[in-house]
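Accompanying notes for the structure given below.
Read the figures in this text as sums done on the coordinates, not as results from a lab. Since we're looking at a predicted model, the values are computed, not measured. As a convention, Cβ positions derive from the backbone with ideal geometry for all residues, glycine included, and neighbour counts pool all protein chains shown.
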Amino acid sequence: MESWAIIAIVAILASFIGDIYKRMLTYKNDVGGRVEAELGDIRQRLDNLEESIGKRDIVQRINALEAIVTDAKFELNRQIDRLP
């Protein structure tokens, strides 16, 4: 085979492989950007969920303490403890 034909084939293959590599990098950047955006959204949703659960937990604790304090037995025990 002639040297000019080998050079032409190598040049065509190099161009083809370079184009494939460039497309692969572009695809990875696009996918990576979408994944990062989705992860950011998931992080935000998780923070909101943790915040609402935390608030709900505090409200439940306050309700439980209020139920204990307003319970008749608790009040009776408190009055008995105050007796001389």
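Numbers at a glance
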quantity	calculated
Aspartates and glutamates whose Cα lies under 17 Å from that of residue 28, excluding same-chain neighbours fewer than 8 positions away	19, 36, 38
Magnitude of the charge dipole, the chain, Cβ model with Lys/Arg +1 and Asp/Glu -1, debye to 20	140
Full-extension gain in nm, residue 80 to residue 67, via 0.36 nm per residue minus C-alpha separation	2.8 nm
Dipole-positive endmost among 26, 48, 70 within the chain (Cβ charges, Cα centre)	70
Per-residue [θ]222 nm for the chain (sum of -39500 (n - 2.57) over DSSP H runs n ≥ 4, rounded to 500)	-34500 deg cm²/dmol
Residue 26-residue 10 pseudo-label distance in nm [points 7 Å out on the Cα-to-Cβ vector]	2.8
In nm, spacing of pseudo-spin labels at residue 47 and residue 35 (7 Å Cα→C-beta vector)	2.2
Where only alpha carbons of the chain are counted, the Rg and the Dmax (Å)	35.4, 117
